[in-house]
Each structure stands twice: as structure tokens, then as C-alpha cells.
Amino acid sequence: MALVLTDFSGNSNTLTNNAGITESVSLPFSTNNLSSADLESGSNQYFSASDSASLSFTGDFSLELWVNLESLPADGSFWGYVSRWQVGTNKTFSFKIGNTAGTYSLRLEVSADGSTSEVLSKNITTPSLSTWYHHAVTWTASTSTAEFYVGGSSQGTSVGAITSLFDTTIGMRIGVEETTGFFGVESVLNSTTI
């Protein structure tokens, strides 16, 4: 089976496979009819979808994906899951996993003006390698509140001050935060929902 890059929402946001991501036989659940994507460390692999009206949300949203980490971020590193983010003046949001002095967290970084940003995060239990996890975040614009989930269980909320997102021209990226400096995730990804 080939990688499925089709947008099932009907919005025609079909993904582009950048740098030859390959299919994995590892699946998070046995009834899945889709394939998983194996992203390799240091390979600059990620998926992208062009900017579109359906991806240009500036208010409430939720992001979720199944991830099977093949390694963990080093101290001080944050690996991008899903983003519309580029250094400079094209920042909207970035959902990622990171490591600060051995403490792992899910992190959502948001920007209202494309240049400055604030970080909302929640610590999580250190992930085990070669284990499927469902990671998710919801963001409520009116209260600037992010709620983080692992396996469907809330890990808690983080509150900021930004109440609307900048509408960048950068498309959606999966498996990387940005393509300059490349902050990609070494993992197998499946069933990303935006």
C-alpha cells in the first residue's frame, strides 16, 4: 500500500511528500485502512499542503495525530508535529514535542502578528520508544487557552494572552516545524487531523 496523502475533509488539501518519506508497516490500531509515514532523523522529510482558505483559520482549532517516536528530542530540542511557521514574519502556530533538562512536554507556540509569539505547554510523562501515542491540542482563541492530550486524557491547560492568529501565507507542514533550520520529528506518523 502506498502512503495516503489525500485530504478526506473535502477541502482538497492533498499533501506533498517532501524528501521521499516512505511507508511504514507499523500502525497504531489494527482496523486502520491507511498507511503510516516513516520520517527519518536528519533527512529533511516532511509533508506539506499549500496555503488555502480552509487552512487559514485564525481562531479556535484542534490538532491531533498518532506518533510512534523512534528517538527522543535532545535537551533543549523541540520537534515539530504540525505547523504553519517560518522564521521571520510568517508565524501562525506550531505544535511540537520537546525536552527541557530531561522533562518532556507538548508545546503550542502561537503568533498574532507573524513575528512575535508566545509558548503554551504542558509537561508529559517521558514517552517510550516504539510505542504509539495519540497527541492532541485544542486552542480556544477567546481565552487564549491550550489544552493538551495524551491518549485522549487531558494533561491540563496553559493560558496565554494572544486571542487571534496571524494568517500567514505559509502552508501547513506535518512532521516539521519549519524548513529553515529544520526541526523535524524522527518518528512514524499516522492519521493527522486538523
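Quick rundown of the values:
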quantity	calculated
Residue satisfying all of: in the stretch 145-168; closer than 26 Å to residue 90 by Cα, β-branched (Val, Ile, Thr) and in contact (Cβ under 8 Å) with a residue 40 or more places away in the chain; least open to solvent (accessible area, probe 1.4 Å) among these	168
Qualifying residue in the stretch 59-82 (condition: touching a helix residue (DSSP H, G or I) at 6+ places or on another chain (Cβ under 9 Å), open to solvent by 10 Å² or more (accessible area, probe 1.4 Å) and not charged (D, E, K, R))	yes
Any pair with Cβ under 6 angstrom, 6 or more apart, that starts in the stretch 62-82 at a residue that is farther than 20 Å from residue 102 by Cβ and ends at one that is β-branched (Val, Ile, Thr) and at pLDDT 85 or above	62/138; 63/82; 63/137
Index of the failed condition, residue 105 passing every other in (1) open to solvent by 40 Å² or more (accessible area, probe 1.4 Å); (2) assigned to a strand (DSSP E or B)	(1)
From the options 49, 37, 2, residue that is open to solvent by 20 Å² or more (accessible area, probe 1.4 Å), in contact with a Ser or Thr (Cβ under 8 Å, 6 or more places away or on another chain) and at pLDDT below 90	2
Residues that are hydroxyl-bearing (Ser, Thr, Tyr) and open to solvent by 50 Å² or more (accessible area, probe 1.4 Å), drawn from the stretch 84-102	89, 100
Residues located in the stretch 110-144, provided they are within 17 Å of residue 158 (Cβ to Cβ) and open to solvent by less than 30 Å² (accessible area, probe 1.4 Å)	110, 111, 120, 124, 135, 136, 137, 139, 141, 144
Qualifying position, being in a loop (DSSP other than H, G, I, E, B) and at pLDDT below 95, among 191, 130	130
Residues located in the stretch 169-184, provided they are modelled with pLDDT under 80 and open to solvent by 30 Å² or more (accessible area, probe 1.4 Å)	179, 180, 181, 182, 183
Residue list for the stretch 126-178, restricted to those being over 23 Å from residue 102 (Cα atoms), within 16 Å of the chain's Cα centre (by Cα) and among the charged types (D, E, K, R)	173, 178
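The values are calculated or read from the model by the stated rules, or taken from the named source; none is laboratory data. Predicted model, so just to flag it, every value in this text is computed and none were measured. Positions of Cβ are generated from backbone atoms using ideal geometry, with glycine treated the same way; all protein chains shown enter the neighbour counts. For the accessible areas, the whole protein counts, side chains as well, though only heavy atoms, and no ligand, DNA or RNA atoms are used. Shrake-Rupley method; radii C 1.70, N 1.55, O 1.52, S 1.80 Å.
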